[in-house]
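Down below is the structure, laid out as structure tokens.
The values are calculated or read from the model by the stated rules, or taken from the named source; none is laboratory data. From a predicted model like this one, the values you see are computed outputs, not experimental measurements. Positions of Cβ are generated from backbone atoms using ideal geometry, with glycine treated the same way; all protein chains shown enter the neighbour counts.
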Amino acid sequence: MFTLISGEKIPLEFHKARIVQKINLLPTSKRLEAVREGGFNTFLLKNRDVFLDMLTDSGVNAMSDHQLASMFEADDAYAGSQSFTRFEDKIKEIFGKNFVLPVHQGRAAENIISQTLVKNGSLIPMNYHFTTTKAHLELNGGIIKELVVDEGLNIKSSFAFKGNMDVAKLKDLINKEGADNIAFIRMEACTNLIGGQPFSLDNLRQISQIANDNNILLVLDASLLAENLHFIKLREQGNEKKTIRQITQEIADLCDIIYFSARKLGCARGGAIITNNKELFDKMKTLVTLYEGFLTYGGISVREIEAITTGLDDVMDEDVIRQSPDSIEFMVEELQKKGIPVVTPAGGLGCHIDAGAFLPHIKQEEYPSGALAAAIFIVSGIRGMERGTLSSIRGSDGKDILSDMELVRLALPRRVFTASHIRFAVDRIAWLFENRHLVKGLKFVEEPSVLRFFLGRLDALDNWDQELANKFIAEFGDNM
Ligand code: F0G
């Protein structure tokens, strides 16, 4: 955050807008229609009806002038593209690893790594899973062991590295189950599902030591690495003076395989798997040609390959990285000032509202996080993402498996929104908080059996959506 002469702290943008996109703030009555048409599911809203799209930070980040310019230099070739050579060289330079495989996005890397390393019954200890990671590991017969430190699941905390892995739990697991039964250890940078929470360099060092001592591979999901680098520099003693490149190199040296979604890291659309292990590279490269494309494009458009290459260089600059975590911190602090319950400390990728505490009168089976995401859209036109029981599944008894946390994620794509956008969001959410008693639960009207949160349709219990909209219109008119 940047401190003004007055002492106030703000997220100061170290970039200026040169290409912009018009967005629309619909009247409240139209937003009500849109949310009903979308079955109270923010995934089913049309973007033209959305004012601030905070659904995700993935594939929707602002690109730099250099990125855009580099896309014009794309060398379109099926094989041997110079664009790929530039991509490979940049990754070697930044991560200091020799073998680079392109993949079309993060989950494609997860597919290839899982197929290469996971056998039926293999254990995969990790700080915390991500949805697509879990799906691919389990598809290959793997069993996930979540070993995040206890503090990681504590919504209100001041612990700086809630994404750390519990070292004692990892040692216990290895002693009990045997290193041979472990496919690999997975660490996720800025652990997404617990609120974008980072691990410390010290924690990664300890995990890497244990992995080495036991001959277990350490795999890093670096999709949210940029923000994790920022937090290490900002919060971890002894790292303040290091450059982002130095910290990146230290992290890379501790890991055997690094993969990432370039929809987040590098602000474009694609991904990669990186290693120094020739044997693993040889195994994985045949799967890349099978699932992704030839080894010099891997399913990524060549223009995007150029954009990722330049984007990776861009994020080695602290001024570039800090815009997103600083904006998130600002949003978290402004919401806290108004008494709104949020995940603390502020992490990477977005601000996470504690829907369980916001709407304590709604039971988890009536989806408080889904109701809050819909209500936020009705009063503001802001699209967030449900991260609670609605995103869970039903057990064999047909009952919902209740999630650990009920959250609504308001993602802040990198360099897209301004401080005024954030103040608008805080203002509307604060009004909603004062009127939270009007919001009630949701019930499914169409419930897919797999990944129901993507395409499921719901309805509002007791027409609360109409009452909420009426109250807002009565106070401010339809067109505020
Ligand atoms: N790993 C992490 C930590 C992620 O956050 C994501 C995607 C992936 C892997 C998969 O990458 O989408 O390129 O296939 N996260 C997005 C999100 C979808 O909205 O948080 P992908």
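General observations
- Gly96 meets each of the listed conditions (1) in contact with a Gly (Cβ under 9 Å, 6 or more places away or on another chain); (2) of a type in the set (Gly, Ala, Ser); (3) more than 16 Å from the ligand (Cβ to nearest atom) apart from (1).
- Residues considered: Ile207, Ile232. Of these, the only one that is in a helix (DSSP H, G or I) and either closer than 12 Å to Cys255 by Cα or among the small types (Gly, Ala, Ser) (or both) is Ile207.
- In segment 164-188, residue farthest from the ligand (Cβ to nearest atom) [restricted to those that are touching a residue at least 60 places away in the same chain (Cβ under 8 Å) and within 21 Å of the chain's Cα centre (by Cα)]: Ile185
- Cβ-Cβ contacts under 8 Å between residues 6 or more apart (or on different chains), taken from a first residue in segment 464-479 that is farther than 17 Å from Leu25 by Cβ to a second residue that is of a type in the set (Lys, Arg), are listed as Trp464/Lys440; Asp465/Arg36.
- Summed over segment 48-64, the residues that are in contact with a strand residue (DSSP E or B) (Cβ under 8 Å, 6 or more places away or on another chain) and away from the ligand (no atom under 15 Å from the Cβ) give a count of 3.
- Looking only at residues of segment 257-286 that are under 26 Å from the mean Cα position of the chain (by Cα) and either farther than 20 Å from Pro413 by Cβ or among the acidic types (Asp, Glu) (or both), we find that the one that is nearest to the ligand (Cβ to nearest atom) is Tyr259.
- Scoring Ala268 on the criteria (1) in contact with a strand residue (DSSP E or B) (Cβ under 9 Å, 6 or more places away or on another chain); (2) surrounded by 24 or more Cβ atoms within 10 Å (Cβ to Cβ) leaves a single failure, condition (1).
- Within segment 121-150, being within 14 Å of the ligand (Cβ to nearest atom), of a type in the set (Ser, Thr, Tyr) and touching a strand residue (DSSP E or B) at 6+ places or on another chain (Cβ under 8 Å) holds for Tyr128, Thr133.
- Among the conditions (1) of a type in the set (Gly, Ala, Ser); (2) surrounded by fewer than 19 Cβ atoms within 10 Å (Cβ to Cβ); (3) within 16 Å of the ligand (Cβ to nearest atom), the only one that Ala108 does not satisfy is (2).
- Hey, Leu26 touching a residue at least 24 places away in the same chain (Cβ under 8 Å), part of a helix (DSSP H, G or I) and of a type in the set (A, V, I, L, M, F, W, C) or not: no
- Scanning segment 65-99 for residues that are crowded, with 21+ Cβ neighbours inside 10 Å and in contact (Cβ under 8 Å) with a residue 24 or more places away in the chain gives Gln67, Ser70, Ser83, Phe84, Phe87, Ile91, Phe95.
- Residue match in segment 246-255 (condition: within 16 Å of the ligand (Cβ to nearest atom), under 27 Å from Val343 (Cα atoms) and out of contact with any Cys (no Cβ under 8 Å at 6 or more places or on another chain)): yes
- Helices (runs of 4 or more DSSP H) completely within segment 352-455 that count 3 or more residues being surrounded by fewer than 20 Cβ atoms within 10 Å (Cβ to Cβ): 419-434, 452-455
- Here Ala74 meets the list (1) of a type in the set (Gly, Ala, Ser); (2) more than 16 Å from the ligand (Cβ to nearest atom); (3) touching a strand residue (DSSP E or B) at 6+ places or on another chain (Cβ under 8 Å) almost entirely, failing just condition (3).
- Some residue of segment 32-41 being within 16 Å of the ligand (Cβ to nearest atom), modelled with pLDDT of 95 or more and not in a helix (DSSP H, G or I): yes
Results for (1) assigned by TED's automatic domain parsing to the domain that holds Cys255; (2) crowded, with 20+ Cβ neighbours inside 10 Å; (3) within 30 Å of Val342 (Cα to Cα), shown as yes or no for each residue.
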site	(1), (2), (3)
Asn175	yes, no, no
Asp180	yes, no, no
Met187	yes, yes, yes
Asp202	yes, no, yes
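- Taking (1) part of a strand (DSSP E or B); (2) touching a Cys at 6+ places or on another chain (Cβ under 7 Å) in turn, Gly348 satisfies each apart from (1).
- Residue within segment 402-419 that is farther than 27 Å from Ser324 by Cβ and out of contact with any strand residue (DSSP E or B) (no Cβ under 8 Å at 6 or more places or on another chain) present: yes
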